[in-house]
Structure formats: C-alpha cells, structure tokens
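What follows is a short report on a single structure.
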Amino acid sequence: MRHLAILFTAAFLIGCSATENYTQYVDPKIGSGGHGHVFVGANVPFGMVQLGPTSIPQDWDWCSGYHDSDSTVIGFSHTHLSGTGIGDLFDITVMPVTRADLTYARGKENDPESGLWSYADRTKEIARPGYYSVPLTRYGVTAELTATNRVGMHRYTFPASDEAGIVIDLMNGGCWDRPTDTFIEPCADNAVRGYRFSRGWADDQKVYFYAEFSRPYKDLNIHSIDYKPYYAKADFETREGEQIMMKVALSPVSMGNAYENMQTELPGWDFDGTVEEAEDAWDKELGRIRIETKDENARKIFYTALYHSMIAPSTFCDIDGSYRGADGEAYEDAGHQVYTTFSLWDTYRGAMPLYSIFQSERYKDFINTMLDIYRKQGKLPVWHLHGCETNCMVGNPGIPPVADAIVKGFDGIDYELAFDAMKASALRPDRGQQFRMEYGYIPCDMMNESVAYDLEYALADGALANAAKSLGKDDEHRYFLDRSKSYQHLYDPQLRFIRGKDSKGEFRQDYSPFYSSHRADDYCEGNGWQYTWLVPHDFEGLVDRFGGKDAFIEKLDSLFIVSSVIEGEEVSPDISGLIGQYAHGNEPSHHILYFYTMAGQPWKTADKVREVLSTLYSSRPDGLSGNEDVGQMSAWYILSSLGFYQVEPGTDRYWLGSPLFDKASVKVGVDGKGRDIMFNVIAQNNSDRNRYIQSVTLNGKPYAKAYIEHKDITAGSTLVLDMGPQPAIWY
C-alpha cells in the first residue's frame, strides 16, 4: 500500500506540471446572480485594488456593485466588496464618455439622461482572473481593465469624437456610502491626484489616489457640489478606434504614497503585459492546490471557489510598508504586510483555517495585522473594513483565528501579545459580555440576538481556553473553559433546543424553533433549529445535554427532514440553501454536517457533504446558495471537496468527510532547500456511489483517527482514503 501511494503521488505531481493554466477553470461570474454578491472585475490575489463595474442599484443584491440581472454601469470603481450583506467602498469611480452635456449624478435607469451611466453590452462582456472588458452602449466605448496590487489600469477604445472624455467620480452617492471630504487637482498635463474621505459601513474611510493618462488631456474640468470637488473630466479628441489608457494608484496614507505605489508597481503603459502578469499571479496562487478529476464542472466550481477565496483580505499598506492604523493615524512599516476586509464572523469557520493550510505566510500576516488592530483599538477586530471597526455581527470572531495560530504552532507571531489580545477582547464589558459576566449567560430581556451573542462568545472562550492550555496558562485555561459552557444555561431539556432565557431564569414564552426575525429575535440570521448546534467547541458537552449519542443523532437527523418553512416577520434572506432546517447559505450551519463523523456515524457526514457539494453549488451565475461572505462559502466547498473540515475553533484538527476528487495536492510550504512541501490526498475507487471511507493510511501506515491534524498536513504527507459503496467506520 505504501509503495502504491508513493507511485500515485509521483505520477500525480508529474501530471500536474507548473505549465498548467489554472485560470482557465475560473468563471468569476459564478455567484454574481442569486444572492451570491461576488465581485466581478479585475484584481490580483489579496490586492488593494478591485477594479470593476459599479451599477445604479444599491439594493441588497448589489452589495458588490454588480449583479448578473442588471447591465447598468455608472463607472468603474477601484474598490469593491465581495459577497457581503452590506455595501460600501466603490472608491474612485472612472467613466469614459463621448458627450459634453453631461449630468453629474448616479442616475436612474428609467431616465437615460439622469446621470453618467450607460448600459453595458453583456453579450460581449469578458471576465477572467486579472482582466475585465465590456462595451458601453451609450458612449460607443469599449472598456478594458486590469490591475496590480495597488494600481488599476484602464484601456478605453473610443469612437471618433470631439467630446471624448474620462470622468473621475468621487461622489458615487447613495445609501451605502457618502463622501465627507474630497479633493482633486491636476499635477501634470496628463495626471491628477486627490483623495476621497467617506462615511458608510466604514465610518471614517480615507482613500488617496494618483492617476495618469497615456496622453495629455486637452482640458480638465472640475465639477463641484456645495463647494466640494466631486467630479473631474479630462477632455480628449479621439479618432475612430483610438485607445486612451489610464492608471489609478491607491494609498490609505497619502497622495504622495499613491504616486510612489504607481512608480514602483506600474511605471509603464504595457496594458497587455500587465494583464499577463495579473493572470500569472492568479495562476501561481490557484496552482497551490492541484486536483485530479474527470468531472470538469466540479473542477470549474472548485477553482472559481479558490479564486473567490483570495479576493480578500485585501492589502492595506503602501509599497514602503506604511499604513493607516485602526486609530486613524498613519504609521510606518509594520514589519509585515497589512491587510483589511476581515469578515471574521464568516471566515473564522472555514476560510481562515483554509489560509492556515495553503497561505501560511499570508496567514501570519493576517494574524499580525489583527494584533496590530488590537494595539490600536484595544480589542481584536470584529468586522474590520479599511481601518474602521464596524462591530458588525455577533460575538468575538477575532479570537478563533488567533487561537488557531497558537495551537497550530505558527512562528513569526508574538504569542504573549496574541494571548493578551484574546484575553482583553474576551473580558471587555460591552456588546453583551457584561451580561454574561453578571448572569453567566446573556438574558433575552437584556439585548437582542442574545442567544447568538452568547453562543459565539462561548465558542470564542473555548478557543481561548485551548490557546491558554497550549501556552501552559492553567488558570486562564480553567477560567475560559468554564465560561465556554455558558450555552448550557440556554439548553431547554424539555424542548431540546437552545433558546432565549430571561434575567429571571425563565425560558421565553410562545417559542417556536422555526421562528426568525431579522430585526427582533434571540438569534442572528437564524432560528432555534440552526443555532442549537452552534457548540463546535464542546461537542461532548452538547451530546450530554441531549442525553447521549443516540438521542443526539436522532435530533440531528430530524434537522434535515423537518419542514424548510421559516416562520416570522421580516425573515432574514440569509437563511437560505435549506435542507430541512439546515441552512447552508449562512455560516452558523457550516460545521454541522461533520458532527456525524464526531458522533461515530461518518457515512451520514459523507451523504450530506456530497449532497451539499452537488446541489447547493453550481457553475451558474446563481451557483451559490447564499452570500459568498468574503470567501467563506467558497472555503467550505474547497475544504469539504478535499475531504475534511475544521469544526472546532482553536484546535489543530480537521474532521474527515467525503473527498470529491480522486487526487489533490496542496502546497503547504517550502523547505530549507526551496522545494515545495506538498500535502496529498488520494481517494482510491472514488465515485458518487463509492462515497464512504473504508480505510485510511497516512504515509503508508494504517490511520485510525476520524480527523487529520494540522502538523501532519503541513509536514507534507500523503493521506490515502480507500472509498467504497457501503457505510463503514475506520476509526
């Protein structure tokens, strides 16, 4: 068996040569329909710039600025979010035009003259990693976009026109984000610079820019509203088919830094070469995970998911290392790459563990950025966006990734600082934690979403306790381990649900586990059916609440077969992707399928994982069952299709499920001689029918655990799973 595994691995690695183009398998428009909310445009992995079209609507399904159902374009913005449930950014929007009589406004689709906007000809749209192109029908201009990390590059093909121009829009006003201060000025006959300060989800955002055109403009007209320069139009005369290029560099610190970013990253005007470099950057990162499968559709879904997982966290420092801190002040080089866009309530569950495997160097930078945020604002980030704490979502989601880094043994991180950051965040008497300190749980008559807050705080305490144990901090380990049991106060043994309890110790009356309300509820984007299982840190304790594994499994089985009807008023649209009451479209459910493996019935995990992989993900524009949520929805697919998932926050264990691919090889690091360290998963006799693990070997030796540990993954090993058609237990 050992020799067979080695031969398989060698043949696989030879077959997956570095010349394979992984970007060919990516379709950026998967998730751009339905409620996926993904970014569509040009960028590089984890880049500061996300350059793409922004549409007129500012409804929920346009949080990224783009939706498959709509072809309006108000311009091409240099920052976008991907997969969020709230909109923001859209900074430094650029629109090519061929008219002098323009209305400087966002516009309305029912009024073609109401703004700068145009319809885009989606039949000629091209979207691929690092490149985007679409014709604008109103102006007869074809737009092409590409990017480096900090610079967006535009190429516009104009018709013959005496009124051609390129508009820089610093307003882009609406319900998501409004400018508080703007500045724009010419600084050469082909260049402008400025800044945009705004208030939205990020309540004090600052973006500086420097822009150049490939030839001098005829004139630059600045259009002000209420004495603030919101628009600038560079005028040109163009011949039929003439191309004008534009580069826009961003900085979170200063206009001068934006200029230096451009001079360093993109000093020339080779648009096609820049496209090639962006594609190469994507190909390098996508090639870190190589799969072998005959299912071309699954390959497409997988590499698109991997692509979507690397749009954020996004770079938030200049080429010289300077950055804007969480206190709003500018700082010099932090000693590591600084990032932003930390959607931690979503990503601590799957995306951050995924990064810890195949983006280990960046993962350390992510954690060190989070520790820097702690130093500046006194707590770990909750949902950090462009230097601003939004405090969006419940609990302490910054704790699990930091605890993970300690327990998994990452170097390059100050463990004492990391522990202090977690402890300080857990002991702050705010956001409901003061009630846990007083009552031992959060009473439902004290605050909204009390159960969701309490459960999230409990699992963060569990992760913190694990980190304390690994550091030999016995007192803290006992303290936070005890606090992590707070969910037990909320478990109702009569109804067998975790639910709201008031300050008098009485469970809420008139309770239904099917009920959910987006505005007033004990849960957050969920109901009792979904939240009763949000105890990933204390599986055995949760099983005991139910009275043992048999009763636990009986209840868990019922989750997937009860009615999918959600009761209540103003039900959150995030509760989606339903199988019974299991809601894969929202993150609190993502670990639940693996409870079967933990309970000794791994075949049920295999069945449910395969069902979700095949029915709740597709290669269509509506191919996601819920918001992408900055990589988490995709990360679940990536990890689960590889055959494992991290259930417990603050641990080094990944529980086995059912691998989708015959073979996979993951680059987990580089050894002292510069050679790639690869973790290989080989699923023998794998098929839809042969979905059940029969036996396991690790590096040729029999393996009798239901999980694989992080150290075995990162050491570079070969995990061979013998698959078959009959349910089995190998551990």
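The values are calculated or read from the model by the stated rules, or taken from the named source; none is laboratory data. In this text, all values refer to a predicted model and were calculated from it rather than measured experimentally. Cβ: placed from backbone, ideal geometry, glycine included. Neighbour counts: every protein chain shown. For the accessible areas, the whole protein counts, side chains as well, though only heavy atoms, and no ligand, DNA or RNA atoms are used. Shrake-Rupley method; radii C 1.70, N 1.55, O 1.52, S 1.80 Å.
With each label modelled as a point 7 angstrom along the Cα→C-beta vector, the residue 185-residue 103 pair spans 3.3 nm. Helical content of the chain, expressed as a calculated mean residue ellipticity at 222 nm, amounts to -8000 deg cm²/dmol (DSSP H runs of 4 or more residues, -39,500 (n - 2.57) each, divided by residue number, nearest 500).
Under the simplified labelling scheme, the residue 138-residue 520 pair shows an inter-label distance of 4.3 nm, with each label point 7 Å from Cα along Cα→Cβ.
How much of the DSSP bridge set in the chain is antiparallel, in percent, rounded to the nearest 5? Roughly 95 percent of the beta bridges in the chain run antiparallel, per DSSP. Here the average projected area of the convex hull drawn through the C-alpha atoms of the range 191-242 stands at 5.2 nm². Mean sequence separation of contacting Cα pairs (under 8 Å, at least six apart), scaled by the length of the range 79-149, corresponds to a relative contact order of 19 percent. If you plug the beta carbon distance of residue 175 and residue 445 into 1/(1 + (r/R0)^6) with R0 = 30 Å, you get a FRET efficiency near 0.40. Multiplying the residue separation of residue 510 and residue 327 by 0.36 nm and subtracting their alpha-carbon distance yields 61.4 nm. Hydrodynamic analysis of the range 66-133 uses the Kirkwood radius over alpha carbon pairs. Inserted into Stokes-Einstein at 25 °C and 0.890 mPa s, it gives a translational diffusion coefficient of 180 µm²/s. Ranked by the mean number of other Cβ atoms within 10 Å per residue, highest first, peptides 218-230, 293-305 order as 293-305, 218-230.
Per-residue extension of 0.36 nm, minus the Cα-Cα distance of residue 242 and residue 296, leaves a gain of 15.5 nm for this segment. Hull volume per residue, based on the alpha-carbon atoms of the range 425-533 and their convex hull, is 102 Å³.
Counting only Cβ charges, +1 for Lys and Arg and -1 for Asp and Glu, the dipole size of the chain around its Cα centre is about 1900 debye. Cross-link partners of residue 501 among lysines, defined as those whose alpha carbon lies under 25 angstrom from its own and excluding same-chain residues fewer than eight positions apart: 485, 555. How large, in percent, is the carbon and sulfur part of the accessible surface of the range 152-292 at a probe radius of 1.4 Å? Ligands and nucleic acids excluded, carbon and sulfur reach 44 percent. For the pair residue 705 and residue 114 in one chain, pulling the backbone fully straight at 0.36 nm per residue adds 206.4 nm over the alpha carbon distance. Separation of the range 236-304 from the range 88-140 is 20 Å, based on Cα centroids. Using alpha carbons only, how many angstrom separate the centre of the range 464-524 from the centre of the range 538-614? A separation of 18 Å, based on Cα centres.
Across the chain, C-alpha contacts under 8 Å between residues 6 or more apart give a mean separation that, scaled by the residue count, equals a relative contact order of 12 percent. Straight-line cross-link partners of residue 705 among the aspartates and glutamates, defined as a Cα under 19 Å from its Cα and at least 8 positions apart when in the same chain: 538, 540, 648, 652, 722.
Residues in the chain average 34 Å² of solvent-accessible surface per residue, probe 1.4 Å, ligands and nucleic acids excluded.
Rg and Dmax of the range 151-286, both derived from C-alpha coordinates alone, stand at 16.1, 48 Å. Across 181, 454, the residue with the most accessible area heads the list, and the full order at a 1.4 Å probe is 181, 454.
Cut-off under 13 Å on the C-alpha distance; same-chain residues fewer than 8 positions from residue 218 excluded. Which aspartates and glutamates are left, in chain and number order? Answer for residue 218, where 13 Å is the Cα cut-off: 162, 163, 189, 235, 237, listed by chain and number. Pairs exceeding 32 Å between alpha-carbon atoms, taken from 108/379; 408/608; 604/667: 108/379. The order of the peptides 252-262, 678-688 by mean Cβ neighbours within 10 Å, most packed first, is 252-262, 678-688.
When only alpha carbons of the range 478-542 are considered, Rg and Dmax amount to 12.3, 37 Å. With both labels modelled 7 Å from their Cα along Cα-to-Cβ, the residue 475 to residue 199 distance reads 4.4 nm. Nonpolar atom fraction for the range 62-125, defined as the carbon and sulfur part of the 1.4 Å probe accessible area, stands at 50 percent. How much of the accessible area of the range 433-559, probe 1.4 Å, is carbon plus sulfur, in whole percent? On the range 433-559, the fraction of accessible area on carbon and sulfur atoms equals 43 percent.
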